[in-house]
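> Sharing a structure with you now.
The values are calculated or read from the model by the stated rules, or taken from the named source; none is laboratory data. Quick caveat, the model's predicted, so the values are computed rather than measured. For neighbour counting, all protein chains shown are included, and Cβ atoms are generated from backbone atoms with ideal geometry for every residue, glycine included.
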Amino acid sequence: MLTIVPHLRTRRPSPTTIEYTVSTSPSLTFSLRILITLTILLRTLIGFSVLLLLYSRYDLAFPSTRIIIAPPFFTDERIWYTVHLILSSRFGLLALRTAPQIPVFILLPLSAAILYLLSLRIHTTESLLVLHGLGIQTSTSSATYLSSATTRFIPTAKIQDVLVNEAFKGFEVRYYLVIVVDEEEDVVVVFPRLLPRRAIVERVWRGAMGCLYAVEGENKMKV
Amino acid sequence: MVCDYFFPQPGGVESHMYQLSTKLIDRGHKVIIITHAYDERTGIRYLTNGLKVYHVPFLVLYRASTFPTVFSFFPMFRNIVIREEIEIVHGHASLSSLCHEAILHARTMGLRTVFTDHSLFGFADAGSILTNKLLKFTLSDVDHVVCVSHTCKENTVLRASLDPLMVSVIPNAVVAENFRPINHPSYPLETLDKPMTQRALGPHDTITIVVISRLFYNKGTDLLVAAIPRILAAHPHVKFIIAGSGPKAIDLEQMLERNVLQDRVAMLGPIRHEEVRDVMVRGHIYLHPSLTEAFGTVLVEAASCGLYVVCTQVGGIPEVLPAHMTVFAKPEEDDLVAATGRAITKLRKNQVRTEDFHDQVKKMYSWTDVAARTERVYDGISGVLSDAEFYGYDAADAASWSATRGRAGVQSFALIDRLKRYYGCGIWAGKLFCLCAVIDYILFLLLELWAPRDQIDIARNWPKKIIQEQPAKERMSRRDG
């Protein structure tokens, strides 16, 4: 429900620029926004409880002196006081009781895996920005929330060709869009994670070629 | 077309597939070749004329055959078949496991299948028994079989217990233009840096004998090793040119060193297919000592180059060329030496008109003809031609016929009918083959769920040049004007 089949969105910020975005995210309706907010809340909650479990395990292994009297607000001690408050709350006591029951060699990898899963992005978005006379910029959203998107700009002078190719991928044959770059061994694959289907790839290819090598003065390009 | 053997590897099967595909494309069909990946050839490639080749990445086991994995090829194969909208699967060569697997999967998917056999096999040794069982498995459920010669047809029918009516004979062919003798009147003159071969041979002129083959046991290299010293001893003005490579090359070289024949025997090593003609035209006699051969395209090529052919009388070789172009020998040392002697004598007496060979061969063998005959097979199995027309039997006889036709698997794709056919393969083998077929079918159903058909893109066809219509339109417009 949250993701859909990769689909294409086209944007034309100026007459000589086209941006193609392939994304798995559906268009945002009100109910969808609420749903996404809810999942984010749920993720934060789960992430927080995993961290709490880890800390209580640590606290049991290496007990530290608790700060019980509330220190002034803007000090480091205040943080430890908050931790104490949480640990002595009902959730904290539950965590302190559960933590010793799980062996460490299970607890550590499991919580690492859960935290990694929580940091994964729901949607994958990849885009291709074609600037007439300048070049092409590809960008791919990162897998997790922790890192930012990978972008790459290829100037027109470096572009040998843009083409649609087919290749074996797993147990199937896929169409994909590539940019052949001068003096580089490997080609640059556009939309490398989503690998949209032929109809999208062909449309992007036509549009990109039209925009990149458009004749001067002929501003009306078909998209 | 599915086969393990394809370019860049040289050989008869490879060029057969290429030429046949090209001609079929010319006749307006769409042809795809599926083979396994070679060192530098991977992925999907286009050859001349828009022939598309899929080099599927698979493990190579022995002499360019892939490891038989039975089911692992299915998902890929299904994907390719769907995206290219394949209707008929045509497998080549009985040693290619890729081909057998493809035919099995194709039948599971409900496609028409044709199999072309390029080689002969024995019945006695362990390897043959295994291959024959495998062949029986595949051919139990194939629509039609094509053999390259009548001997090959007999062999295949016996090995796979087929109904002879579902086996056709379509020989190989050669591109005669690529195998022309030096300075043939119908082609432009070529200037070679070496002097032209004289037509009338004197008693002391050197006669060159050419041998081009892969140096394997089945190509009769041992026979060659034994015969060369004796031929050279008996005929002083004779030279040998040997081209090709293989495990037996070392035996040849040892023989040369033992008898100190290096100056009379030239070993060229491996040569490319397009160089074959240049080597052939340097000789007068072509010697072919093969122990087993289904057809022997190389004989046709040699004759087309205007060489007198000496060959062993095995397999389908006697069918290939008319008697006046060849001297036959039994596949033994003494007779091969004697036959070569006869050929040399005949050439010295100028009794053989080798310069006419080219035109005669050109009339006999052409790929266009092969493609037309193959197309007829395709029409026959896909129901364009009526059964009576295709198999040539009386419609009144249909009742007694249908039993064999069921055996031939012409009409039914139903799993139960296929299983019946597989079950007849043998006491144990039959059950094993049934099991394979059932697993294959289950796999097919799973794949339909896991990778549904509408998720697979249909591939674009190579833009075909329309040669016929363009001039017609111009003519029309001119007439209008």
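> I need the strands (runs of 3 or more DSSP E) fully contained in the range B:100-184, keeping only those with at least 1 residues that are surrounded by 23 or more Cβ atoms within 10 Å (Cβ to Cβ) and of a type in the set (Ser, Thr, Tyr).
Those strands (runs of 3 or more DSSP E) span B:112-117.
> Please return the ranges of strands (runs of 3 or more DSSP E) entirely within the range A:77-185 where 1 or more residues are charged (D, E, K, R) and within 14 Å of chain B (Cβ to nearest Cβ).
Passing ranges, in order: A:159-169, A:172-181.
> Among the listed residues B:GLU14, B:GLU40, which satisfies the condition of being touching a Phe, Trp or Tyr at 6+ places or on another chain (Cβ under 7 Å), away from chain A (no Cβ under 14 Å) and modelled with pLDDT under 85?
B:GLU14
> Let me ask you something else. Just checking, how many residues over the range A:55-66 are hydrophobic (A, V, I, L, M, F, W, C) and closer than 16 Å to A:TRP80 by Cα?
Looking only at that region, the number is 2.
> Do the conditions hold for B:PHE71, that is, is it at pLDDT below 85 and touching a helix residue (DSSP H, G or I) at 6+ places or on another chain (Cβ under 7 Å)?
yes
> Inspect the range A:57-64 for any residue being under 30 Å from A:PRO196 (Cβ atoms) and free of Cβ contacts under 8 Å to residues at least 12 places away in the same chain and give the result as yes or no.
no
> Just give me the residues in the range B:82-120 being of a type in the set (A, V, I, L, M) and either within 14 Å of chain A (Cβ to nearest Cβ) or free of Cβ contacts under 8 Å to residues at least 12 places away in the same chain (or both), in sequence order.
B:ILE82, B:ILE86
> Would you mind stating whether B:THR368 is buried (at least 24 other Cβ atoms within 10 Å of the Cβ) and at pLDDT 85 or above?
no
> Being at pLDDT below 80 and either under 18 Å from A:ALA113 (Cα atoms) or in contact with a His (Cβ under 9 Å, 6 or more places away or on another chain) (or both) is the filter here; which residues of the range A:32-88 pass it?
A:ARG66, A:ILE67, A:ILE68
> Let me ask something else. Answer yes or no: is there a residue in the range B:229-241 that is small (Gly, Ala, Ser) and closer than 23 Å to B:MET280 by Cβ.
Looking through the range B:229-241, none of the residues is small (Gly, Ala, Ser) and closer than 23 Å to B:MET280 by Cβ.
> Looking only at the range B:307-320, count how many residues are at pLDDT 85 or above and buried (at least 17 other Cβ atoms within 10 Å of the Cβ).
6
> Right, here's the next one. So which pairs qualify, if the first residue must be in the range B:47-70 and within 18 Å of B:ARG460 (Cβ to Cβ) and crowded, with 18+ Cβ neighbours inside 10 Å, the second must be at pLDDT 80 or above and not β-branched (Val, Ile, Thr), the Cβ gap must be under 7 Å, and the two must be at least 6 apart or on different chains?
Correct list of pairs: B:LEU51/B:SER21; B:LYS52/B:TYR46; B:VAL53/B:ARG45; B:VAL53/B:LEU47.
> Something else now. Working only within the range B:18-54, note down all residues that are assigned to a helix (DSSP H, G or I) and either closer than 15 Å to B:VAL89 by Cα or touching a strand residue (DSSP E or B) at 6+ places or on another chain (Cβ under 8 Å) (or both).
Within the range B:18-54, B:TYR18, B:LEU20, B:SER21, B:THR22, B:LEU24, B:ILE25 meet the criteria.
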